[in-house]
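The structure under discussion appears below in the form of structure tokens.
The values are calculated or read from the model by the stated rules, or taken from the named source; none is laboratory data. In this text, all values refer to a predicted model and were calculated from it rather than measured experimentally. Neighbour counts are summed over all protein chains in view; Cβ atoms, including those assigned to glycine, are modelled from backbone coordinates with ideal geometry.
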Amino acid sequence: MIGLKKIGVLTSGGDAPGMNPAIRAVVRKAIFHELEVYGVYGGYTGLISGNIKKLELGSVGDIIHRGGTILHSARCLEFKTKEGQQQGIEQLKAHGIEGLVVIGGDGSYRGAKALTEQGFPCVGVPGTIDNDIPGTEFTIGFDTALNTVIDAIDKIRDTATSHERTFIIEVMGRDAGDLALWAGLSGGAETILIPEEKYDMNEIATRLRKGHERGKKHSIIVVAEGVCSGVEFGKKLEEATNFDTRVSVLGHIQRGGSPTAFDRVLASRLGARAVELLLEGKGGRAVGIEQNRLVDYDIIEALGRRHTLDLDIYKLSQELSI
Ligand code: ADP
């Protein structure tokens with residue numbers, strides 16, 4: 001935007017490791033281009049109430065390796081209303097802010113879309129462990145969460161071997177199976193249940209029995225939360241097989257931790273690109289990565305699309321776990 005002087009940045013919705021390096025990139029890239037940057041604290045709740053403070057180079061020092069978000073996050077029902085959104089725009093204008101970077105998941109994108117439709121330019125940066133945002137192969141936080149899950153699977157495998165048990169591991173991901181699929185493949189799970197594909201209990205039971213017959217002492221089954229709870233699946237599996245099963249629900253540990261190098265690089269690239277777009281006068285966009293190249297697309301159109309999981313990886317996981 002010609003003459004752009006002040007931008008804002010906020011994090012919203014479920015937090016994800018890598019949000020901090022993304023904030024750092026936005027702030028430093030903006031200051032590099034002689035812009036002023038304002039942090040909106042507490043997502044859209046902070047936007048409505050005007051919890052907005054100027055950020056300096058030092059404000060984002062020593063955060064590149066930290067999980068969570070220094071700007072905090074929130075879920076804000078009020079922002080789904082026109083009045084809430086108008087209040088947000090008034091707060092931005094009162095601070096002289098002319099463009100906003102929104103780091104978050106698809107719900108946060110809907111908020112950014114609403115602001116854009118009302119004439120306030122926003123750029124969306126995909127930050128969620130779920131990897132469920134259309135228009136990007138990877139979201140910030142997915143790789144870190146994946147590594148957390150693998151670490152847990154490796155540990156569970158040790159005890160599963162000692163006790164000859166079948167372990168069911170429930171992982172996050174909301175309606176997307178990406179986290180379960182990638183974790184299952186890299187953790188060597190025998191079975192992976194994802195919401196994108198129906199499962200057949202008879203087939204799973206047969207496979208477990210066959211494994212048992214050829215001397216396999218333990219099994220790891222990864223269940224995406226979008227399929228059902230691990231406990232629910234465990235009950236059904238016990239009924240079908242009589243095998244001794246244990247369930248581990250990994251829960252919120254998946255959302256924390258120091259971001260991996262991959263997530264830090266991704267966050268740095270996407271955060272910086274979001275600032276470039278605002279400088280180019282392109283509001284209403286969302287940034288992403290496709291085949292290791294930065295891309296941007298219309299945020300309004302993107303939300304009409306659906307994220308698709310790579311079914312080739314699912315097929316491969318089945319072939320490798322016979
Ligand atoms: P995520 O961004 O991780 O998907 P949510 O779905 O909870 O998380 O969305 C985060 C916030 O975005 C919500 O609490 C709300 O303030 C805002 N939001 C979600 N949907 C809309 C919408 N349709 N219009 C405006 N704001 C929305």
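If only residues of segment 45-69 that are free of Cβ contacts under 8 Å to residues at least 60 places away in the same chain and in contact with a Lys or Arg (Cβ under 7 Å, 6 or more places away or on another chain) are counted, the one that is farthest from the ligand (Cβ to nearest atom) is Leu57.
Of all residues in segment 190-245, exactly one satisfies the criterion of being farther than 29 Å from Asp130 by Cα, among the hydroxyl-bearing types (Ser, Thr, Tyr) and exposed (fewer than 15 other Cβ atoms within 10 Å of the Cβ), namely Thr206. Screening Val123, Val149 for residues that are more than 13 Å from the ligand (Cβ to nearest atom), over 24 Å from Val249 (Cα atoms), modelled with pLDDT of 95 or more and not acidic (Asp, Glu) leaves exactly one candidate, Val123. Scanning segment 85-111 for residues that are part of a helix (DSSP H, G or I) and near the ligand (Cβ under 8 Å from one of its atoms) gives Gln85, Asp106, Gly107, Ser108, Tyr109, Arg110, Gly111. Residues that are closer than 24 Å to Asp175 by Cβ and either not in a loop (DSSP other than H, G, I, E, B) or not small (Gly, Ala, Ser) (or both) do not occur anywhere in segment 50-65. Only one of the numbered conditions (1) small (Gly, Ala, Ser); (2) crowded, with 24+ Cβ neighbours inside 10 Å; (3) under 30 Å from Ala180 (Cβ atoms) is not met by Gly88, and that is (3). Does segment 77-128 hold any residues that are among the aliphatic types (A, V, I, L, M) and under 17 Å from Ala30 (Cβ atoms), and which are they? Leu92, Ile97, Leu100, Val101, Val102, Ile103, Val123, Val125, listed by residue number. Does any residue of segment 272-291 turn out to be closer than 30 Å to His212 by Cβ and surrounded by fewer than 17 Cβ atoms within 10 Å (Cβ to Cβ)? Checked against the condition, which is being closer than 30 Å to His212 by Cβ and surrounded by fewer than 17 Cβ atoms within 10 Å (Cβ to Cβ), segment 272-291 yields no hits at all. Entry remark, segment 24-44: residues being surrounded by fewer than 22 Cβ atoms within 10 Å (Cβ to Cβ) and within 12 Å of the ligand (Cβ to nearest atom) number 1 in total. Taking segment 182-254 and the strands (runs of 3 or more DSSP E) fully enclosed by it, the elements with 2 or more residues that are of a type in the set (S, T, N, Q) are at 245-249. Within segment 70-84, residues that are closer than 30 Å to Leu57 by Cβ reach partners that are near the ligand (Cβ under 6 Å from one of its atoms) and in a loop (DSSP other than H, G, I, E, B) with beta carbons closer than 6 Å, at six or more positions or on different chains, in the pairs Ser73/Ser12.
Let me confirm something: among Leu237, Leu250, which residue is within 18 Å of Asp151 (Cα to Cα) and in contact (Cβ under 8 Å) with a residue 12 or more places away in the chain?
Leu250
The residue list Asp143, Asp154 contains one member that is closer than 27 Å to Leu270 by Cβ, at pLDDT 95 or above and more than 16 Å from the ligand (Cβ to nearest atom), which is Asp143.
Among the residues making up segment 70-84, those that are in contact with a Ser or Thr (Cβ under 7 Å, 6 or more places away or on another chain) and within 12 Å of the ligand (Cβ to nearest atom) are Ser73, Ala74, Cys76.
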